[in-house]
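Q: Sharing a structure with you now.
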Amino acid sequence: MERIVLPEIPNLNQIDVYLKNGGFEAAKKAFSQTPDDIIEQVKKSGLRGRGGAAFLTGLKWSFMPKTTDMPKYLCINGDESEPGSFKDRQIFEYNPFQLIEGAIITCYAIGAKIAYLYIRGEYHKWIKLMQQAIDTAYEKGFLGEKMKSTFGVDFYCDLYIHKGAGAYICGEESSLMNSIEGKRGYPRVKPPFPAQKGLWGCPTTINNVETITNVPPIILKGWEWFSKIGAPKHPGTLLFGISGHVNKPGVYELPTGILLTELIYDVAGGVPGNKKIKCVIPGGSSMPPLRGDQLEGVRMDAESLRAAGSAIGTGGVIVMDEDTNLLKVLLRITHFYHHESCGQCTPCREGTGWMEKILKRIEQGNGTSKDLDLLVSVAQNIEGNTICALGDAAAWPVKFMIQRFRDEFEKYVKPQVVLPVPNKVHSMRFTKISLDNIVLKS
Amino acid sequence: MSFKFTEENLKRLENERKKYPESLAAVMPAIYIAQEQNGYITNEVMTEIADVLGIDKVDVLGVVTFYTMFHTKPVGKYHIQVCTNVSCMLRGGYEIWEYIKSKLGIDNMEVTPDGKFSIEEVECMGACGYAPMIAINEDYYENLTKEKVEEILNSLK
Ligand SMILES: Cc1cc2nc3c(=O)[nH]c(=O)nc-3n(C[C@H](O)[C@H](O)[C@H](O)COP(=O)(O)O)c2cc1C
Ligand code: SF4
Ligand code: FES
């Protein structure tokens, strides 16, 4: 299988090696065509965003206004903070120049003169590696004003790294823009969309690191070639990050549409001790979890996973074996979203707190079966009622985990019974009593 | 305790400033540089950042308090960050966390009396496939066991 994003070429992170293997040929080719041609090719290739929502990249680029006096910007999202995702760092480390080449082609296509590469602050090592690559690209004339003479074209762009500082929410595109502007990372209300009003109120496109790295091969080898790889409606390869209970966790670049079971058992070496799988989260912690007995035939692309009741997300597959305590898992995930909620919208700010509180109560042994319904109800009240998708990201694991693993969660709670004990004041009402409060007299 | 950027750091900051059309955008790089110089962010540090960038101090404060990587209290010479998020948890992240807590005798965001170590329970660090993991200052340590952690801690002088 041919790899697109992380080719098996040793030392590809060295500029000489990159150039020897066709580096910046795609950029040359791109500059001989019009920006609209480039957008058209990316549209036809079927490339979809790798940052979570799998939105059509060419279509997103086409939203950028053609006639405007305002500067335009590209933001490349390398915040990579979704639990279970650790793929973009491989690009920073092993193929930084293809990301840079993708950035300049994208800037040319959308008419941006500045691209900001947002990298999470904890990635010190990868920020350094990426900065070295950018410095080299400037020296060799692949970035900045020198591009004009290097490529013989009346266009140039700059690429700057903006270092995050530990906030998951800054991966959300509008929060990311606020963070670049030097503000608190609060998501913005949409519309207006970034292509209309983005960075400093100017037209802006935001794409994931892996998305941008896919661009040079599409331009160089053609959209037909790309569109034939993997699942037809979600073509190309994905950097699948597999973690949790597998023998060989790691990042693997494979065509979309591969069977989830193949990924777990053949690629990642199966589950330690040959245990059964209880649960798999297929696309990073925000995506609905699947039961171990729901995995057969599920393919790893946007359409198949939607049909299976989940989503592709970032392609971060988290595997849990039969001995996993799902209550602990759900509590940990919910704690994360509560901690990372920016607090702007009440359903998200309060709801994540309530869900964590209820789950803690259950963990301490004081939950009742009704708490499970309450959790689902709180989750449903967050879903769709917030400014950004973090609300949904917090609600989905709770809602689907409890719905799909109700049998297991029932084991962690006390059954609630409704006894027809007449209430003294309102004799027509029933009082609910937990089983523990009933003393049996013999 | 007054705070002034060193000449060299002022130059670095000027360089960062050039990347953006507005000076407010250089506030995060400025805080990073200040934290490197001073160890943590104080009231005086924020005044200096606001003065140098020509922005309101309240905007500096707002950013400092929003992001977890900006510290308003001193941390240890070695700031140990332990990930306990889901992928790490499944592979023993909490055992590593408990072990480090008891070995150093401190809790989350505390510093040992000699100022050598501080510890922080952190969210996913993007190392899920190499779990469990910790980071010490800027460096990642992956695929850990208690034994390996002990070795690492003992090697820190
Ligand atoms: C809470 C939250 C966190 C996100 N984190 C990231 C991230 O770390 N990296 C990323 O590329 N996209 C992230 N996204 C998705 C971005 O908002 C955006 O859709 C994406 O960067 C667009 O790029 P793409 O079209 O190339 O996928 C996040 C979204 C939400 C709601
Ligand atoms: S959904 Fe949550 S994280 Fe997103 S804007 Fe609202 S409060 Fe902030
Ligand atoms: S869960 Fe620990 S690094 Fe991702």
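Q: Where does each of A:LEU220, A:LEU239 land when they are ranked from fewest to most other beta-carbon atoms within 10 angstrom?
A: Taking fewest neighbouring Cβ atoms as first place, the list is A:LEU220, A:LEU239.
Q: Using the alpha-carbon atoms, what tilt in degrees (0 to 90, nearest 10) does helix A:326-340 show relative to the longest principal axis of chain A?
A: With rounding to tens, the tilt is 60 degrees.
Q: Note down the nm distance, to one decimal, between modelled labels 7 Å out along Cα→Cβ at B:LYS103 and at A:ARG361.
A: Result: 3.9 nm between the two label points.
Q: In addition: Can you compute the charge dipole magnitude of chain B about its Cα centre, using +1 on each Lys and Arg Cβ and -1 on each Asp and Glu Cβ, nothing else charged? Give it in debye, rounded to the nearest 20.
A: 160
Q: Let me ask something else about it. Please report the antiparallel percentage of the DSSP beta bridges confined to the protein assembly as shown, to the nearest 5. Each step should come with its number before you reach the end.
A: Working: 27 of 55 bridges.
Counting DSSP beta bridges with both partners in the protein assembly as shown, the antiparallel share is about 50 percent.
Q: Residue by residue through A:175-184, how many Cβ atoms from other chains fall within 10 Å of the Cβ on average?
A: On the way: counts 0, 0, 0, 1, 5, 4, 7, 17, 8, 7.
Partner-chain Cβ atoms within 10 Å, mean over residues of A:175-184: 5.
Q: Please arrange A:CYS348, A:CYS388, A:CYS170 by counting, for each residue, the other beta carbons lying within 10 Å of its beta carbon, fewest first.
A: Placing the least packed residue first, the sequence is A:CYS388, A:CYS348, A:CYS170.
Q: Further question: Please work out the Cα center distance from the stretch B:1-76 to the stretch A:118-147, rounded to the nearest Å.
A: 22
Q: For A:MET70 paired with A:ASP323, estimate the spin-label separation in nm (one decimal), with each label point 7 Å from Cα along the Cα-to-Cβ line.
A: Result for the modelled spin labels: 5.7 nm.
Q: Report, to one decimal in Å, the Kirkwood hydrodynamic radius for the stretch A:15-228 based on all distinct Cα pairs. Write down the numbers at each step before the final one.
A: Details: mean 1/r = 0.0586 Å⁻¹.
About 17.1 Å, per the Kirkwood formula over Cα pairs.
Q: How shielded is A:313-322 by partner chains, expressed as the average number of their Cβ atoms within 10 Å of its Cβ atoms?
A: 2
Q: Let me ask you something else. Straight-line reach from A:LYS278: which lysines have Cα under 19 Å away, leaving out those fewer than 8 places along the same chain?
A: A:LYS248, A:LYS328, A:LYS399, A:LYS411
Q: Then there's this: Please say if the protein assembly as shown is rounded, prolate or oblate, where rounded means a/c under 1.5 for a ≥ b ≥ c the square roots of the C-alpha gyration tensor eigenvalues, and otherwise the choice is prolate for a/b larger than b/c and oblate otherwise?
A: Taking the square roots of the gyration eigenvalues as a ≥ b ≥ c, the protein assembly as shown is prolate.
Q: Please report the net charge: other residues with Cβ closer than 15 Å to the Cβ of B:GLY115, K and R +1, D and E -1.
A: Net charge in that neighbourhood comes out at +2.
Q: Please give the Cα centre distance for the stretch B:79-157 versus the stretch A:318-374, rounded to the nearest Å.
A: So the two Cα centres are separated by 24 Å.
Q: Let me spell out the model: positive unit charges on the Cβ of Lys and Arg, negative unit charges on the Cβ of Asp and Glu, origin at the Cα centre of the stretch A:326-412. What dipole size does that give, in debye rounded to 20?
A: With Lys and Arg at +1 and Asp and Glu at -1, about 160 debye.
Q: Additional query: Taking beta carbons within 10 Å but only from partner chains, what does the mean come to for residues B:116-128?
A: Across the residues of B:116-128, the mean count of other-chain Cβ atoms within 10 Å is 6.
Q: Pick out, from A:THR204, B:TYR99, A:HIS234, the residue whose Cα sits farthest towards the positive end of the charge dipole of the protein assembly as shown, with +1 on the Cβ of Lys and Arg and -1 on the Cβ of Asp and Glu.
A: A:HIS234
Q: Excluding A:THR261 itself, what net charge comes from residues whose Cβ is under 12 Å from its Cβ, given Lys and Arg +1 and Asp and Glu -1?
A: Here the charged neighbours net out to -3.
Q: What list do you get for A:HIS335, A:HIS162, A:HIS234 if you sort them by fewest beta carbons within 10 Å?
A: A:HIS335, A:HIS234, A:HIS162
Q: Related question: Mind ranking A:15-25, B:29-39, A:204-214 by how tightly packed they are, going by the mean number of other C-beta atoms within 10 angstrom, highest first?
A: Values: A:15-25: 16.1, B:29-39: 19.1, A:204-214: 26.6.
Sorting A:15-25, B:29-39, A:204-214 by mean packing, highest first, produces A:204-214, B:29-39, A:15-25.
Q: Add -39500 (n - 2.57) for each DSSP H run of 4 or more in the protein assembly as shown, then divide by its residues: what number comes out at 222 nm, to the nearest 500 deg cm²/dmol? Provide the component values of the computation, followed by the final result.
A: Details: 25 runs with 244 residues, N = 599.
After summing the helix terms and dividing by residue count, I get -12000 deg cm²/dmol.
Q: Count the net charge of all other residues whose Cβ sits under 13 Å from the Cβ of A:ALA231, scoring Lys and Arg as +1 and Asp and Glu as -1.
A: So the surrounding residues net to +3.
Every number in this text was worked out from the coordinates using simple rules, so none of it is lab data. In this text the structure is predicted, and so the values were computed from the model without any measurement. Because the Cβ atoms are built from the backbone with ideal geometry, glycine has one as well, and the counts that use them run over all protein chains shown.
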